[in-house]
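Q: Pasting in a structure now, in structure tokens, and then I'll have a few things to ask.
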Amino acid sequence: MNTSKMRRKVVPAVENGDSADKFDQVLLSAAICNGEDVGPFVRKGFASGKPETVLLHLRYFARSKESEIEDVCRAHYEDFITAVDDLRSLLSDVDSLKSSLSNSNSQLQSVAVPLLTTLDSFVEARNKCKNITLAIQSLRTCVQLVELCSRANRHLSENNFYMALKCVDSIEREFMNKTPSTTLRRMLEKQIPAIRSHIERRITKEFGDWLVEIRVVSRNLGQLAIGQASASRQREEELRIKQRQAEEQSRLSLRDCVYALEEEDDDGFNGISDDGKDGYSNGMLGFDLTPLYRAYHINQTLGLEDRFKKYYFENRKLQLTSDFQVSSMTPFLESHQTFFAQITGFFIVEDRVLRTGGKLVSKMEVENLWDTAMSKMCSVLEDQFSRMQTANHLLLIKDYVSLLSVTLRRYGYPVEALLDVLSKHRDKYHELLLSDCRKQITEALAADKFEQMYMKKEYEYSMNVLSFQLQTSNIMPAFPYVAPFSCTVPDCCRIVRSFIEDSVSFMSHGGQLDFYDVVKKYLDRLLTEVLDGALLKLINTSIGGVTQAMQMAANMAVFERACDFFFRHAAQLSGIPLRMAERGRRLFPLTKARDAAEEMLSGLLKQKVDGFLLLIENVNWMADEPLQSGNEYVHEVIIFLETLTSTAQQILPVQVLKRVLQDVLCHISEMIVGALLGESVKRFNVNAVMALNVDIQMLESFAENQAPLLSEADAGQLKAALAESRQLVNLLLSNHPENFLNPVIRERSYNALDYRKVVTISEKMKDQTDRLFGSFGTRGAKQNTKKKSLDALIKRLKDVN
């Protein structure tokens, strides 16, 4: 056969000049020979209305190929005959093979039929086994599924939502696609979202209840935390008091007293426990964050972590904003503790959540909340402080705010802004405090009866004397005890001590460690402006007698010791060593009142003395004989001065008594000289001068007799107060009066005399020649010379004048 030969393509040759039909026939023939599509030619024939032409061409082509077919058939005829013979021989072999296969098939059928029957039974049994196994697996899956569902229901009934969610997740992950029952699968597809939605609602409700409860808990927590800070501060104050007592005993050299300052265990706020709860020791109130962490964990499990974080932060921020509201119906003094305790508890809770809540809140969020709270608290304090007009109210709020600062500083919150607000109102507080003290001091002074204080019991002595270190001796006096001061002194001391303690209380725990200078500054103002001014006013308006003036002078002397105590007390409360405070001591701040009291006493005593000195008018200035016992007035003055001294020494300190006596004696001396200068004395003789000399000697003797009471030096100063009258009498009785003109002698012996007074008094003295200038020559023989010397001396004194 010629299957491997390629068919030859016919390419028609068209001669020029053939007709169109002939050309179409050639093209059709070529297309048929080449196996191309003859459809175009057929369509063309029908389109031109000449299909017969196409059919004619096809017939012509068929006839033209018949001869070629015949040639091909002749060429392969012999091969075809040979193939037919081979097929016939093959057919016989096939028949024998067919019979052999038939026999083999019969044998196989006879053997395989029982096997097939057995195989069918095996296949059927195996299919049943598979079905049973599949049923068992399905039942086992259903049992596990039902157990998980039952467990999930039990957890739901026990409000164990996390385990219920774990069961639901396990069902969804392991059994949803393996469940053979479409009914169960549809039930699971419906109930699983419903369970999750139910858990979300329940946990949201629990969280909402916790948000309501934590506000109350936060307020109580804040109050307890601030209370513990207050107790801790109180213990520190007690330790400092013991330390000050030890220092005081050491300062007094009581070596046998040994103080051991033992710190007590801090049984107050112990901070945060490790069991998920915050609390105090001794079983005091704590707060439970379990509902919060449970809600957070459940929302994490539900894949709603970010949404819950935002929900928590927004709700807590709203709560904080609500806590900022200050009621206008309640005075801030009554509501400030609740206001600040609520905020304190809020941030104690937030600190715990930040440290133990994973990533529920961030540090930045808590800091932003704190900045908002700090700004609001500062604003509220500024507003409330600006309205307050009572120092005690301002101090109460300041103390609570300082305790808040101590409490929250322990949790790492910056509180400098709050302390700055407190420091900013320091001046206003002290101005209000000064105003309150001014009223109290005025009331205390108005109630004073200028009587010595009478104390029946030791506790009264301790309360009014020892507590202000007013005692002059460490020996306990016998009771009843009459103090040298009136009730004004301890009353004013209590007011000043209260001022110091309130000032220190305001300045302490406010962020400023060294505040003694500030306390000292306002203490100076209290003493110099308020107390000194009130005492000065009392002296100028209310004292009407020597007894009252003497009592006031005695009070001022006691106030001088009290002022030393005030500054030591301020230093001790401020934590400043006493040696540093004493090193910076200033002058007595009540000098104006003290000087006024002494001047008032001296003035009243001078008035009394002036009454006795009126007796000078009875002096015989032209006596024939000198009086040996002195003039009448001096005896009255001496009796008054001795009586005064015996009375005054009971209440007046010796230095005050000395200054008063010195002033009175100086006044007496001036009055004696003034009497000789006065117009009432026209002439006097040497006998009158000798009598004055006796008077002055008696006064000097009185001054010298005060040495046991005062001292030799002080007695000498009292005697020196009579210098003017003594020097004048010495000059008038001198044998060498011309020495007054010698500057050296005058400075040594007559420095208290005014030469103008000397001229006036010298001109009044009778027999001047006989007495004053007897040293210029013998008496009688040199009378003219003495007269000339006297005239020359008086002239020179007048020239100097």
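The values are calculated or read from the model by the stated rules, or taken from the named source; none is laboratory data. On a predicted model such as this, the values are computed, not experimentally measured, just so you know. As a convention, Cβ positions derive from the backbone with ideal geometry for all residues, glycine included, and neighbour counts pool all protein chains shown. What goes into the accessible areas is simple: the full protein's heavy atoms, side chains included, and nothing from ligands, DNA or RNA. Shrake-Rupley method; radii C 1.70, N 1.55, O 1.52, S 1.80 Å.
Q: When region 631-667 is examined, which residues are found to be open to solvent by 70 Å² or more (accessible area, probe 1.4 Å) and assigned to a loop (DSSP other than H, G, I, E, B)?
A: Q649, Q650
Q: Would you mind stating whether S138 is of a type in the set (S, T, N, Q), farther than 13 Å from T179 by Cα and either touching a His at 6+ places or on another chain (Cβ under 7 Å) or open to solvent by less than 80 Å² (accessible area, probe 1.4 Å) (or both)?
A: Here the answer is no, as S138 does not meet what is asked.
Q: Please enumerate the residues belonging to region 663-674 that are in contact (Cβ under 8 Å) with a residue 60 or more places away in the chain and more than 60 Å from the chain's Cα centre (by Cα).
A: Passing the criteria: H667, M671, V673.
Q: Here is a follow-up. Quick check on region 148-168. Is at least one of its residues among the β-branched types (V, I, T), at pLDDT 80 or above, open to solvent by less than 90 Å² (accessible area, probe 1.4 Å) and in a helix (DSSP H, G or I)?
A: No.
Q: I'd like to verify a number: residues in region 330-378 that are free of Cβ contacts under 8 Å to residues at least 60 places away in the same chain, under 26 Å from Y293 (Cβ atoms), surrounded by 13 or more Cβ atoms within 10 Å (Cβ to Cβ) and more than 15 Å from the chain's Cα centre (by Cα), how many?
A: Qualifying residue count for the region: 9.
Q: Considering only residues of region 608-628 that are within 16 Å of V686 (Cα to Cα) and open to solvent by 50 Å² or more (accessible area, probe 1.4 Å), which is farthest from the chain's Cα centre (by Cα)?
A: For region 608-628, the residue satisfying everything is D624.
Q: Right, next: Going by what's in this entry, would L404 be described as more than 24 Å from K521 (Cα to Cα) and either in contact with a helix residue (DSSP H, G or I) (Cβ under 7 Å, 6 or more places away or on another chain) or open to solvent by less than 10 Å² (accessible area, probe 1.4 Å) (or both)?
A: Yes; evaluated as a whole, the condition is true for this residue.
Q: Could you go through region 73-92 and let me know if any residue there is aromatic (F, W, Y), over 19 Å from I195 (Cα atoms) and at pLDDT 80 or above.
A: no
Q: Having 2 or more residues that are modelled with pLDDT of 85 or more is the bar; report the helices (runs of 4 or more DSSP H) wholly within region 523-600 that clear it.
A: In region 523-600, 532-542, 546-573 are the helices (runs of 4 or more DSSP H) which contain 2 or more residues that are modelled with pLDDT of 85 or more.
Q: For region 100-157, how many residues are within 60 Å of the chain's Cα centre (by Cα) and of a type in the set (S, T, Y)?
A: Adding up the residues that qualify gives 2.
Q: In this structure, does E172 turn out to be open to solvent by 60 Å² or more (accessible area, probe 1.4 Å), in a helix (DSSP H, G or I) and not basic (K, R)?
A: yes
Q: Among all residue pairs at least 6 apart or on different chains, which show Cβ distances below 9 Å where the first residue, located in region 314-329, is touching a residue at least 12 places away in the same chain (Cβ under 8 Å) and the second is surrounded by fewer than 16 Cβ atoms within 10 Å (Cβ to Cβ) and acidic (D, E)?
A: V326/D383
Okay, residues lined up against (1) at pLDDT 85 or above; (2) part of a helix (DSSP H, G or I); (3) hydroxyl-bearing (S, T, Y):
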site: Q319; (1), (2), (3): yes, yes, no
site: Q325; (1), (2), (3): no, no, no
site: L333; (1), (2), (3): no, yes, no
site: F339; (1), (2), (3): yes, yes, no
site: G345; (1), (2), (3): yes, yes, no
site: V353; (1), (2), (3): yes, yes, no
site: W370; (1), (2), (3): yes, yes, no
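Q: Looking only at region 418-468, which residues are in a helix (DSSP H, G or I) and in contact with a strand residue (DSSP E or B) (Cβ under 6 Å, 6 or more places away or on another chain)?
A: Y461
Q: Moving on. Take F468 and tell me if it is in contact with a helix residue (DSSP H, G or I) (Cβ under 7 Å, 6 or more places away or on another chain) and without any contact (Cβ under 8 Å) to a residue 60 or more places away in the chain.
A: No, not satisfied.
Q: Also, I was wondering about something else. S423 passes all but one of (1) open to solvent by 50 Å² or more (accessible area, probe 1.4 Å); (2) modelled with pLDDT of 85 or more; which number fails?
A: Result: S423 passes all but (2).
Q: Within region 495-514, is even one residue open to solvent by 10 Å² or more (accessible area, probe 1.4 Å), over 30 Å from S232 (Cα atoms) and among the hydroxyl-bearing types (S, T, Y)?
A: no
Q: Continuing with the same structure: For region 436-470, which residues satisfy the criterion of being polar (S, T, N, Q), within 20 Å of I495 (Cβ to Cβ) and surrounded by 14 or more Cβ atoms within 10 Å (Cβ to Cβ)?
A: The answer is Q440, T442, N464, S467, Q469.
Q: Quick one: which of V54, V94, V113, V123 is β-branched (V, I, T), within 27 Å of Q25 (Cα to Cα), open to solvent by less than 100 Å² (accessible area, probe 1.4 Å) and assigned to a helix (DSSP H, G or I)?
A: V54
Q: If you don't mind, there's one more thing I want to ask. Checking the condition buried (at least 20 other Cβ atoms within 10 Å of the Cβ) and not polar (S, T, N, Q), which residue from V694, V689 passes?
A: Matching residue, one of V694, V689: V689.
Q: Please enumerate the residues belonging to region 276-302 that are at pLDDT below 60 and not charged (D, E, K, R).
A: Passing the criteria: G276, G279, Y280, S281, N282, G283, M284, L285.
Q: Oh, and also: Residue under question is A713, and the condition is that it be among the small types (G, A, S) and either closer than 15 Å to N631 by Cβ or under 60 Å from the mean Cα position of the chain (by Cα) (or both); does it hold?
A: When the stated conditions are applied, A713 passes them.
Q: For region 175-186, give me the residue count where each residue is in a helix (DSSP H, G or I) and at pLDDT below 80.
A: Qualifying residue count, region 175-186: 5.
Q: Please report, ordered by residue number, the helices (runs of 4 or more DSSP H) entirely within region 700-767 with at least 3 residues that are open to solvent by less than 50 Å² (accessible area, probe 1.4 Å).
A: Answer list for region 700-767: 712-720, 723-732, 755-764.
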